[in-house]
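What follows is one structure encoded as structure tokens, with my remarks underneath.
The values are calculated or read from the model by the stated rules, or taken from the named source; none is laboratory data. Note that the coordinates shown come from a computational prediction; the quantities given were computed from them, not determined experimentally. Here the Cβ positions follow ideal geometry from the backbone for every residue, glycine too, while neighbour counts run over all protein chains shown. To get the accessible areas, we keep the full protein, side chains included, count just its heavy atoms, and leave off ligands, DNA and RNA. Shrake-Rupley method; radii C 1.70, N 1.55, O 1.52, S 1.80 Å.
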Amino acid sequence: MLNDRVEESTADAALSQDELYTTLNKRYFTAQLAIMGAYLRNEALNAIGKTDHMAQRMLDVGLISKIDRLEAQKALADADYEAKKAQNDAQLALTALQSMLRTPYTIKPTTPLFMSSKPLPPLAYFQNLAKEHHPGFAKVAAKYQQARQLYALSESTYKPSVTVFGRHEITTHDPSWIAGVSANWKLWGGIDRDASNQANLARLQQA
């Protein structure tokens, strides 16, 4: 049972490490995505700004109405708001990444976003991969082994115990010896056997 507890602790440590790596990946690529989003929003703002300028010139020469001009101004205001929001989102994402890495220096992510063009393997491939390598399954296996051993231990208390003993004298000229077997079987006790078995079976089912 001690080995199973060691395996469970090892699996817990691996789970914590996996969670840290997962969080780091999320924050890193969230920052990358936010930076890209801020860049695109700023490009959109510049394009709409040119459209707004053109709309003012067209209004001056009487080619569009004031309503059309107001619509262009509203589009520019919306684009300006979205650009500032995207910039703030990018700054927040970078701050979260910098806080996790515990560094006072400004971080500039360089690994770009990527997408695989290869077809994905079947679902069973990822399921088998997880069963072989994910520490969560190792923890479950360790818990199950602990539950099995507890169940076997509780069952052994209701079975007869047999002791073999022997003694041989070698210090005399006429040595004697004795040997025997003793058996002990507990027929009644203060613990409800059925309740104990059900509790141990419940631990197995939970694992």
Inset, instruction - Work out the length of the dipole vector of the chain about its Cα centre, built from +1 on the beta-carbon of each Lys and Arg and -1 on the beta-carbon of each Asp and Glu, and round it to the nearest 20 debye. - result: 320 debye
Inset, instruction - Could you work out how far apart the two model spin labels at residue 179 and residue 53 are, taking each label as a point 7 Å from the Cα in the direction of the beta carbon, and quote it in nm? - result: 10.9 nm
Inset, instruction - With a 1.4 Å probe and all protein chains in place, put 167, 5, 203 in order of accessible area, largest first. - result: 167, 5, 203
Inset, instruction - Report the local net charge at residue 89: Lys and Arg +1, Asp and Glu -1, summed over other residues whose C-beta lies under 14 Å from its C-beta. - result: +3
Inset, instruction - Starting from the amide H of residue 64, placed 1.01 Å from N in the peptide plane, find each other amide H under 5 Å away whose residue is 5 or more places distant or on another chain. - result: 59
Inset, instruction - Would you mind checking the tilt of helix 193-206 against the longest principal axis of the Cα atoms of the chain, expressed as 0 to 90 degrees and rounded to 10? - result: 30 degrees
Inset, instruction - Tell me which label goes with the value of Rg/Rh (Cα atoms, Kirkwood Rh) computed from the coordinates here: (i) 0.94; (ii) 1.43; (iii) 1.03. - result: (ii)
Legend entry - Cα long-axis angle, helix 66-101 against the chain (0 to 90 degrees, to the nearest 10): 30 degrees
Inset, instruction - Subtracting the Cα-Cα distance from 0.36 nm times the residue separation, let me have the gained length for residue 63 to residue 128 in nm, one decimal. - result: 16.7 nm
Inset, instruction - Report the calculated FRET efficiency for residue 108 and residue 40 (r = Cβ-Cβ distance, R0 = 25 Å), to the nearest 0.05. - result: 0.85
